[in-house]
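The values are calculated or read from the model by the stated rules, or taken from the named source; none is laboratory data. Not measured: the values here are computed from a predicted model. Glycine gets a Cβ as well: all are built from the backbone with ideal geometry, and neighbour counts include every protein chain shown. Areas reflect the complete protein model, heavy atoms only, side chains present, ligands, DNA and RNA absent. Shrake-Rupley method; radii C 1.70, N 1.55, O 1.52, S 1.80 Å.
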Amino acid sequence: MKLAILSCSPDCYSTRRLREAAAQRKHEVRVLDTLRFAIDLQQAEPDLYFKSKPLSHYDAVLPRVGASITYFGTAVVRQFEQMDVFCANASAGISNSRDKLRCLQILSRHQIGIPRTTFVRDKKDVLPAIERVGGAPVIIKLLEGTQGVGVILADSVKTAEAIIETLQSTKQNVLVQKFVAESKGRDIRAFVVGDQVVASMRRIAQGHEFRSNVHRGGRSEPILLDEHYCETAVRAAQIMGLRVAGVDMLEGQDGPLVIEVNSSPGLEGIETCTRLDIAGAIIDYIAAQVDFPEIDIRQRLTVSRGYGVTEIHIPDGSEYIGKTIHESGLRDQDINVLTLYRGVTVIPNPRSHRVLEAGDRLLCFGKLESMRSMIPEKARRRRRMKVKALPAESPRESLYPDRSSTGDKP
Ligand SMILES: Nc1ncnc2c1ncn2[C@@H]1O[C@H](COP(=O)(O)OP(=O)(O)O)[C@@H](O)[C@H]1O
Ligand SMILES: [Mg+2]
């Protein structure tokens, strides 16, 4: 394949390793400075120029977009997406993960452990917010900090209020987050490539520091993650739309708590710590996936007027319970079931002989008019009962049907 690595630092360890790994595998590879692209737009012809010359064809792009150039960098990646070039990480995934609030907002609707977090604006709402996340000591975070800068531990409610007020007065938005004391200055970095954790390490803060970032003096050691941690990391990356990601988790008393998902995770720390060829794993993954560029479903669906995607629930007492998908007559009503969610099991492309059960959720594409009556009444926005986190021993297979027998065979 012909691969472009988008990076502003061609000589940094990560870029060097990725280029080497690609060259070793006999791929044609070039490192292109993200800031030297021009995005050219005209009717039906999204185009890119590099150093003011038309860009030649690439099969795949591996974006390494640093925090300082998120806007331009994601615009370049988006342009590659419009040109149907495979991008290892989607532009939307990069922007969503860059902002800690956005990231946790997106994860919060899923069964993914996250520390209790709140975001407020008005001074009057600060104190109640701190109390809702468990009171002092409490964590205060800048939305776009990295390397531990912008993460503060406030010992008392008074200090927390003062810090928040000061930051807000300088127009900085901050998150208020529960201090996960039991993680004791440690966190876990899981390196996700595709649907696997390819390497993981624990970072341990030194001295009185509570932040375990290597840039804050944290020490790291390789660890073998259990299934619950692996599942959480892979699902978090997938939900964010990232195929290459560094997922940071705290070790909460009930299991993993995701604190952030990095879309350009550094390779030096983790390769040195684990002695694994992570760059090689990334390149092999891209080479295997290159024929499947990201498709923005929402954008493509606008042309099919009257059709769309929705989730149909099968409640207790539903007429569909005990019927196969075929017998349910959904297909006759112009409705296709794309995925069936049953508890924590995901069954992609379920076969027509699959029997429906109470509690099933069906992700469907079809005629909106036919599906309207099947959308559950707005329990739609009722406060949901707290659902317990996944049990630690829950089998990984159940979440990844492609690796188990849960997927329906044709
Ligand atoms: N809610 C929390 N409770 C306890 N420690 C935390 C919490 N959030 C962050 N930390 C510590 O601070 C470090 C930096 O936080 P993180 O959110 O990852 O920001 P950054 O993007 O700067 O790395 C983490 O690696 C962890 O050690
Ligand atoms: Mg971090």
It is to be established whether one or more residues within the stretch 67-87 are assigned to a loop (DSSP other than H, G, I, E, B), within 24 Å of Ala236 (Cβ to Cβ) and either of a type in the set (D, E, K, R) or without any contact (Cβ under 8 Å) to a residue 40 or more places away in the chain (or both). no
If a residue must be part of a helix (DSSP H, G or I), at pLDDT 95 or above and not hydrophobic (A, V, I, L, M, F, W, C), how many such residues does the stretch 276-313 contain? 3
Looking at the stretch 98-106, can you tell me whether even one residue there is over 19 Å from Ala237 (Cα atoms) and either modelled with pLDDT of 90 or more or surrounded by fewer than 20 Cβ atoms within 10 Å (Cβ to Cβ) (or both)? no
Would you please list the contacts, defined by Cβ atoms under 8 Å and residues six or more apart or on different chains, that run from a residue in the stretch 246-269 that is without any contact (Cβ under 8 Å) to a residue 60 or more places away in the chain to a residue that is open to solvent by 30 Å² or more (accessible area, probe 1.4 Å) and more than 10 Å from ligand 1 (Cβ to nearest atom)? Gly246/Gly266
Asp122 at negative phi and in contact (Cβ under 8 Å) with a residue 40 or more places away in the chain: no
Does Val198 satisfy the criteria of being in contact with a helix residue (DSSP H, G or I) (Cβ under 8 Å, 6 or more places away or on another chain), at pLDDT 95 or above, open to solvent by 10 Å² or more (accessible area, probe 1.4 Å) and more than 16 Å from ligand 1 (Cβ to nearest atom)? yes
As an exercise: evaluate Gly266 against (1) closer than 28 Å to Glu20 by Cβ; (2) open to solvent by less than 10 Å² (accessible area, probe 1.4 Å); (3) over 13 Å from the mean Cα position of the chain (by Cα) and give the number of the one condition it does not meet. (2)
For Glu221, state whether it is more than 10 Å from ligand 1 (Cβ to nearest atom), under 30 Å from Asp284 (Cα atoms) and out of contact with any strand residue (DSSP E or B) (no Cβ under 7 Å at 6 or more places or on another chain). no
Could you tell me whether any residue of the stretch 70-78 is open to solvent by less than 30 Å² (accessible area, probe 1.4 Å), modelled with pLDDT under 95 and at negative phi? yes
The stretch 138-148: number of residues that are without any contact (Cβ under 8 Å) to a residue 60 or more places away in the chain and within 9 Å of ligand 1 (Cβ to nearest atom): 5
Within the stretch 122-172, residues in contact with a helix residue (DSSP H, G or I) (Cβ under 6 Å, 6 or more places away or on another chain) and open to solvent by 60 Å² or more (accessible area, probe 1.4 Å) come out as Thr146, Gln147
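Every residue, every condition in (1) closer than 30 Å to Asp125 by Cβ; (2) within 16 Å of ligand 2 (Cβ to nearest atom); (3) small (Gly, Ala, Ser), yes or no:
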| position | (1), (2), (3) |
| --- | --- |
| Val176 | yes, no, no |
| Ala181 | yes, no, yes |
| Ile188 | no, yes, no |
| Gln196 | no, no, no |
| Gly207 | no, no, yes |
| Gly217 | no, yes, yes |
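Taking the stated definitions as given, is Ile314 buried (at least 18 other Cβ atoms within 10 Å of the Cβ) and in the same structural domain as Val244 (by TED's automatic domain parsing)? Let's see the steps before the verdict.
Details: buried (at least 18 other Cβ atoms within 10 Å of the Cβ): yes; in the same structural domain as Val244 (by TED's automatic domain parsing): no.
When the stated conditions are applied, Ile314 does not pass them.
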Within the stretch 228-254, which residues are open to solvent by 20 Å² or more (accessible area, probe 1.4 Å) and over 13 Å from Ala199 (Cα atoms)? Arg235, Gln238, Ile239, Gly241, Arg243, Leu250, Glu251, Gln253, Asp254
Of residues in the stretch 244-283 being more than 22 Å from Lys184 (Cβ to Cβ) and among the charged types (D, E, K, R), the one nearest to ligand 2 (Cβ to nearest atom): Glu268
Where Ser352 falls short, out of the listed (1) touching a strand residue (DSSP E or B) at 6+ places or on another chain (Cβ under 8 Å); (2) of a type in the set (Gly, Ala, Ser); (3) modelled with pLDDT of 60 or more; (4) closer than 24 Å to Val234 by Cβ: (4)
Does Asp11 qualify as being loosely packed, with under 14 Cβ neighbours inside 10 Å, in contact with a Pro (Cβ under 7 Å, 6 or more places away or on another chain) and not in a strand (DSSP E or B)? no
